[in-house]
Amino acid sequence: MADGRCTVDHLAGFQRPSGSAQVLTCGPDLLLLRNGSERVFAYSGREARVQAVYIFAGRVTHLLESPDRRCIFALCQNDGIYCTSLHQISREPSPTPTEAAPKSPVLVMVPPDACVLKDPGACSFAVLENALVAVARSGTAWRMGFYEVPAGSTGSCKKVEELCIPVLSAGCSSIYGGRDEAVPPVLCCIYPHGAKAKATEDSSSGHLLLEQVLFRLLFGVDAALLSSPTILCGLPDGRLCCLPLRRPGNPEAEGGESRVRVLRHLGQPIAFIGAWGAGGDDRGSSCLLVVGSSGRALLMLAEGEEEGRALEFRERHLSGRVQSACLADGQLFYSTGSDLLAVQLRPSPSGDRPDLWIPSLQPPVTLNVCSLIALSRPTETPAGAVKLFAVSLKGRLLRVTLPQKSPRAHGALSAAQVGQKVRDLLAGIGNVSERVSSLKSCIHLKNDALRNLNQVFNICCLLMPNQRHAGGGPCPVRPISCRVRVKRSCILQQETLFLSCVLQNSSDYILEQGWTLCVQLIYPPYPLTAQGERPTKTYSFPFDKLHPGKNLEVTLPLATESELALPVTVCCSLMYFLQSILGEEECRWAPMSQPSLSQLVKDSGYISLVLDTQTVDWLDCLWVGGPATQGNNTRPSSGSGVDLVQTLLTSSRKAQQQECEGAPLKTLPQRSSEGGPFVASLRVSSDLLKTALQLSGSGPSVSSAVLHWLVSCSPAGENIACEDIPVLSAVCPGGASLRLLAQEVTASDLWADGPITAVEIRIESSSLAELCGLHFAVLRRLQALLKEGVPEAGAARRLKGQSFVQLLQHTETLSKAVQEARGHIALGLGMSSRITEKLLHTYGQLRDSPFLIL
C-alpha cells in the first residue's frame, strides 16, 4: 500500500463543476473530463493541453468509452444518449517543439442526429460490444432497457427488451431524507473467465472479469454454463440487482425474458462496484467489492476448500462519506471531499486470499489531498508508482502520484533516500498545517452562522404574536415596534410631508447586522380600478446593530402638499435574508424543519416579520396653530356652484366605494369656491369619551381632551399645551384653513329618560374636498376607539320612538335628493342654480348630523 506520500500536479483548470464530475482515461495519453455542463473536454497527456472540446445538446451527466475505444457515449440530462467518434482527435498530429504558441482546442459540435437513444428519463447506462443497457426512473419503477447498437455506432438503437424494477416505497429514501435521486444507479457488466466476448478489466467501460467459481456462486449454474455476461445494477435505494443476458434454450439471444434478482441490500445508495483477486488475468478476480455512499463496504468471495467453496458476504464501514472511488492492484482509493484515503486489499501474511476485515489490518491511510470529487481508474507507471487523475471541487484537473513501498522496506536507506523522505515529511506537515487552518476558518464561519441563526430564531419566536395580530386587533405585547409620525419640511420653497419611522427595540436581544427595516406605503387607488389594485412604494433601510433599549429613526418622503393622496397605509416589517448565513439548499430546507416558521420564510429565501400597520389620514397631516382664525376663512373669488356640486358628489361616491370595497378614501385636489366655509359636525356621548379616554375630574374638560386626542399625532400636536382649548386653528396640507371646535351640549329630543350630555365636534374648512377627508378621519378615529372594547358607561336609555322615526324619514329624504342629482350628472343633464343651492344645503344638513354616538 502507499505509505501516505503523494505528489499532486496541476494539469489544467476548468469551470467549477455544477453538480457531479467525471474523469475517464482513454488509453495512456488521453483523458476525457465532464464538469456537469454541456461540454466534454479531451485532454492530451503527451501534449499537456486540452486537445478538443465536445459540445452536446444538454448537460452531460454520464460518460463512457466504447469497447473498441473509437467512440464515446454521453448521457445528456432530460434528453438521451449521444455517440460521437474519437477518430479525428486520435489522429491529430502532435505539435513540433519549434511551435511557439500552443494550439487552440478543436471545437466539436455534436449534431442532433448523433443521438442513438432518445429517453429523457435515462439516468445511467452501460455499453457492451454490440448492445447498450440504460436505466431510467419512471414513476414507481426503474426501467431497464436493452438496445442493439447499430454497426459503427451510427443511427438509433433498436430496443430489444425492457424490464421494470419496482421502487421501494420505504427504505433509504426515508433514511437519507429523499436525497437518493441525486445519486444515479451504478451499472457494470461482469463476464466469467474464459467467455468469448469478455472485456478486460483495464477497459474504461467498467466491465469486470470474475473467476468461474465465484461467478457460478453469484449468478447461478445456468449463467456460468452459458458464459452469459451479467448486468450488475446498484440502485440508489441500496439494492444490488443482477440480470444474466443469456438464458437456457437460446444461448445466443441476449436479453430475452430474464428475471432480475436482488443479490444484496446495502441499506444506502451504492457508489462503486469493483473486483480484484489474486488470480489476476489467469483465473479472473476472486472477490467482488461494493461500496455505499455512506461508507458501508461489502465483499463477496468464495470461501472454503477448492471443491466445497461457498459464497460469503463480509461487511465493514469505511470512515467518511464516499464521493468517488476506484480500485486497482489491491488498493481501494476513495475521496470523502475533505481527504483522499487508501485501503489495502492485499492478502495478509497469514492468508492466501484477499481479506479486508481481518483484525490485524490497519485503518485507511490518509493521502493528504482534499476537495476531490471525481477519480479515474489508477494506472501503474514504469517506475512502479500508482498514478490516478482527479477533478477538484474548483474544477482543476489533477494528477496524483503515489510511490509504492520499496522492496527493501527494512533495509538501510541511502543518503538520497533519507533526504527525499525528510522532504516528503516536511511537505506532509505543510499540507496538514494548511488543512488545519482551512478547517479552523470553516469552523469559525459555521459557529458565526449558528450564532446568527439562533438569534434570528429567537427574534422570530418573540414576534410570532405580532404575526397573529397582523390582520387586525390589538397585540398585547410588542417587544419590537415601529412608531410612525408625520413631519413637515420646506424644500425649494415647497412644503413637503415626511414620515418619521422610529424602530424601538424593547426586547433583550440585539438586532445584529443583516436585519433590514422595510416600510411599505400603500396609497389609495384613484380612480378605483376593477381589480382593486393600490399603488405602493417600498423603502428598505439596512442597519448594522440595534441594542436593547435603543431606537432607530428613519425618514422617508410622503408627498408634496400639492400631490398628497390620503389616507396612506404604512406597513412596517423586519426582514432577514437567510442566504447570508445559509446556502441556497439549506435555505429551502429550513422552513421544513420548523413548521411554525414556514409562514415567515418567503420563496426568495428571506424572513419577513410584520411589526406594525398604521394609517396616515388628514388629522395626522394637519399643521395645528396655523394662521387660521375664526374670522379668517378663505373665500376665493373664482369657481362656480357646479364645481361645488361636482366635488360633493365625487366625494360621496368615493366614500361609498370605500365602504363597499374596503379601499381607503383618496381626496381630490383642493377645490375652493364661493359658499364657504363648509361645516361638518357629529355628537358623541360624554360618558363614552370619558371612559374610552380614561379622563379624570381633575384634568381638562372633556371637549378640550377630545381636541387634544384628535390632533395628538399631527406634526405640531405635541406642542399644544394641556389646557382647556375649545377651538383649534389649523392649516390643511393643501393650504386651506380650518377650525376644530368641541363643546359640551345637551341632547334631549330623542330620549325619554331625560337629557344626555354629549360633546359636539365641529369642523369648519374653506375647502370642500378637505372637509370630506377630515370628516372621515374623525369618524375613523372614533370607530377605532369603539373597536378597542369600551366598557359600559351607564345604564341603557329609552328612545322616543316618534322622534327617532321622524329623524330617519328626514335623513332618507335628503339621501334621495342626492341620488337624483347624481342621476342628472350621470346622464349629462345641465343643472340650474336652484338645484345647485338645494344640493349644497342638503350636503350641509347631512354633514350636520343630529344623531348621537353612544
If you take the residues of the stretch 378-405 that are in contact with a Ser or Thr (Cβ under 6 Å, 6 or more places away or on another chain), at pLDDT 85 or above and over 19 Å from G430 (Cβ atoms), which of them is surrounded by the fewest Cβ atoms within 10 Å (Cβ to Cβ)?
L393
In the stretch 43-86, which strands (runs of 3 or more DSSP E) lie fully inside it and hold 1 or more residues that are of a type in the set (G, A, S), open to solvent by less than 40 Å² (accessible area, probe 1.4 Å) and in contact with a Gly (Cβ under 6 Å, 6 or more places away or on another chain)?
none
Would it be correct to say that F333 is buried (at least 21 other Cβ atoms within 10 Å of the Cβ), more than 22 Å from V183 (Cβ to Cβ), modelled with pLDDT of 90 or more and out of contact with any His (no Cβ under 9 Å at 6 or more places or on another chain)?
no
Cβ pairs under 6 Å, 6+ apart, first in the stretch 48-68 and under 25 Å from P120 (Cβ atoms) and free of Cβ contacts under 8 Å to residues at least 60 places away in the same chain, second surrounded by 20 or more Cβ atoms within 10 Å (Cβ to Cβ) and β-branched (V, I, T)
Y54/V40; Y54/V110; F56/V110; V60/V40
When residues of the stretch 110-142 are filtered for being under 13 Å from C71 (Cβ atoms) and surrounded by fewer than 18 Cβ atoms within 10 Å (Cβ to Cβ), how many remain?
2
Can you find, within the stretch 747-774, the residue that is surrounded by the most Cβ atoms within 10 Å (Cβ to Cβ) among those that are of a type in the set (D, E, K, R) and at pLDDT below 85?
E770
So V418, is it at pLDDT 80 or above and among the hydrophobic types (A, V, I, L, M, F, W, C):
no
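If we only count helices (runs of 4 or more DSSP H) wholly inside the stretch 160-242, which ones have 2 or more residues that are under 47 Å from the mean Cα position of the chain (by Cα) and at pLDDT below 85?
Values: elements: 172-175, 212-219, 221-225.
So the answer is 172-175.
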Quick check: is even one residue across the stretch 494-501 surrounded by fewer than 18 Cβ atoms within 10 Å (Cβ to Cβ), of a type outside the set (D, E) and at pLDDT below 80?
yes
Residue count, the stretch 718-746, condition open to solvent by 10 Å² or more (accessible area, probe 1.4 Å) and modelled with pLDDT under 80, comes to 11
Somewhere in the stretch 18-33, is a residue open to solvent by 60 Å² or more (accessible area, probe 1.4 Å), assigned to a loop (DSSP other than H, G, I, E, B), closer than 24 Å to S156 by Cα and free of Cβ contacts under 8 Å to residues at least 60 places away in the same chain?
no
Among the residues of the stretch 510-545, which ones are modelled with pLDDT under 90, among the polar types (S, T, N, Q) and under 20 Å from Q614 (Cα atoms)?
T536
I'd like to check something: does the stretch 685-702 contain any residue that is at pLDDT 75 or above, of a type in the set (D, E) and out of contact with any Ser or Thr (no Cβ under 7 Å at 6 or more places or on another chain)?
yes
Would you check if there is a residue in the stretch 276-288 being surrounded by 18 or more Cβ atoms within 10 Å (Cβ to Cβ), modelled with pLDDT under 90 and of a type in the set (F, W, Y)?
yes
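The values are calculated or read from the model by the stated rules, or taken from the named source; none is laboratory data. Note that the structure is a prediction, hence the values are computed from the model and not measured. When we count neighbours, we look across all protein chains shown, and the Cβ atoms used for this are built from the backbone with ideal geometry, even at glycine. Heavy atoms of the whole protein, side chains included, go into the accessibility calculation; ligands, DNA and RNA do not. Shrake-Rupley method; radii C 1.70, N 1.55, O 1.52, S 1.80 Å.
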